[in-house]
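The values are calculated or read from the model by the stated rules, or taken from the named source; none is laboratory data. The structure displayed is predicted, hence computed values, not measured ones. Because the Cβ atoms are built from the backbone with ideal geometry, glycine has one as well, and the counts that use them run over all protein chains shown.
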Amino acid sequence: MNIFQQDTLLLEESDILYLIKKIGLKNFLNQLRNNLESGFKDFFLQKIQVPPRAEFFFPRGTMESMPAKDENYFACKIVNTHLQNPLIYRLPTIIACGVLVDGKTGFPLMLTESTILTALRTGTASAIATKHLARKDSDIIGIIGNGAQAIPQLHAISLVRDIKKVYAYDIDIEASNSFKKTVEKRFGMPVILADTEVTTRESDIVVTVTCKEKNTPPVVYNEWVKPGTHINAVGGDSPNKVELEKSLIERAKLVVDFKDQAIYEGEAQQVGKDKICSDLAYVIANPITRDEKDITIFDSVGFAMEDLVTYEMIYDLAVREKVGKQVNIASRPKFIKNLYESYFAEIQ
Ligand SMILES: NC(=O)c1ccc[n+]([C@@H]2O[C@H](COP(=O)([O-])OP(=O)(O)OC[C@H]3O[C@@H](n4cnc5c(N)ncnc54)[C@H](O)[C@@H]3O)[C@@H](O)[C@H]2O)c1
């Protein structure tokens, strides 16, 4: 922690990439997983506080502010979901930026790029859920929705399970082709492009990470899911936007990232609070026994604790590596109690 720094540290995309390159992407993901697991434990111990996020709806998308605090810091992420962005504006569906604030003083320590960080922390949250919930011998994964989040999901999960084969489906064949090309080249795993049913039936671990519209039919149906499957449901993260058939959720052990939010934004909105088996923080603190045939679902809606912990990690790295730019976005007036004498003496 560097509370005596001059100004606010600005981390741009190039800074984030520099830091990740410096320690390596795999190491970064492993370190992030350890830190997020500690974050889940701290949330369980009530050392981290998170209110449900505020959501605002526009005709073309959703805006959210995601605050969280621990003993030393406050963080807030501003993030959207605009499904038509790639097609109309050549922008990502999900765009995010974040701020980390010193709890002692309220001074903003860091402003950061957060689109890349969101993808990495969301993949890592699925990896933690997979580590604690999926069968140990799970080695075939199905990824439904092959957009920006898809490869980070696969990469992070492949660090906790020995993935040998990948099935993939997207309504956009170009997205699937691009996914296949990168995964085969980079990770050496064979990728079979198939429809949703085959992708689901053949997989031990299924990740649903689509940007489907609200009030549309589910993506994965109960009858396709074989006993023993673990599902990370990532794309259903808003009211009336769900990816799994209701009877599938009723059949499974449902574990959510954050109860107070999942109950109206996640797959849990279909079945109500009583059907939630537990949250991930509880599972990490008190491992659940899984029967080989159990179906487990991790209902990931996006949890501000994950952003707080990710920002603390990237801030520490940036300070250590002296990366980023100092920007004066929170003034320090010369006369603390007199803004006019400090700033407007010459300005009428
Ligand atoms: N839970 C979290 O923490 C979290 C974090 C980030 C993003 N998300 C969610 O993940 C989803 C994906 O985000 P992204 O950044 O990858 O978006 P993206 O637009 O880059 O990719 C989404 C892909 O889903 C495909 N798709 C849409 N409907 C489909 C369907 N019915 N079947 C198969 N494929 C379909 C699209 O063609 C697209 O390629 C979004 O819904 C977003 O809200 C969740």
Anything in segment 268-313 that is of a type in the set (D, E, K, R) and within 11 Å of the ligand (Cβ to nearest atom)? List them, or say none.
Asp299, Glu306, Asp307
Inside segment 317-340, can you point out the residues that are without any contact (Cβ under 8 Å) to a residue 60 or more places away in the chain, under 26 Å from Ala68 (Cα atoms) and either among the hydroxyl-bearing types (Ser, Thr, Tyr) or assigned to a helix (DSSP H, G or I) (or both)?
Arg320, Ser331
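Scan the strands (runs of 3 or more DSSP E) fully inside segment 136-212 and keep the ones with 2 or more residues being modelled with pLDDT of 95 or more and more than 20 Å from Val301 (Cβ to Cβ).
Details: elements: 140-144, 165-169, 191-193, 205-208.
Counting at least 2 such residues, we get 140-144, 165-169, 191-193.
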Does Ile329 count as touching a Cys at 6+ places or on another chain (Cβ under 9 Å) and either surrounded by fewer than 20 Cβ atoms within 10 Å (Cβ to Cβ) or at pLDDT below 95 (or both)?
no
Selection count where residues are within 12 Å of the ligand (Cβ to nearest atom) and not in a helix (DSSP H, G or I), scope segment 245-267:
4
(1) within 13 Å of the ligand (Cβ to nearest atom); (2) surrounded by 14 or more Cβ atoms within 10 Å (Cβ to Cβ); (3) not in a loop (DSSP other than H, G, I, E, B) all hold for Ile94 apart from (3)
Closer than 26 Å to His230 by Cβ, aliphatic (A, V, I, L, M) and modelled with pLDDT of 95 or more: does that describe Ala96?
no
Could you check how many residues of segment 172-206 are in contact with a Gly (Cβ under 9 Å, 6 or more places away or on another chain) and within 10 Å of the ligand (Cβ to nearest atom)?
5
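Step by step: first the residues of segment 53-82, then only those that are part of a loop (DSSP other than H, G, I, E, B) and surrounded by 19 or more Cβ atoms within 10 Å (Cβ to Cβ), then the one that is farthest from the ligand (Cβ to nearest atom). Which residue is that?
Step one: list which residues in segment 53-82 are part of a loop (DSSP other than H, G, I, E, B), which gives 53, 59-60, 70-72, 82.
Within this subset, residues satisfying the condition of being surrounded by 19 or more Cβ atoms within 10 Å (Cβ to Cβ) are 53, 70, 82.
Details: Arg53: 11, Asp70: 19, His82: 9 Å.
Residue satisfying both the conditions and the ranking: Asp70.
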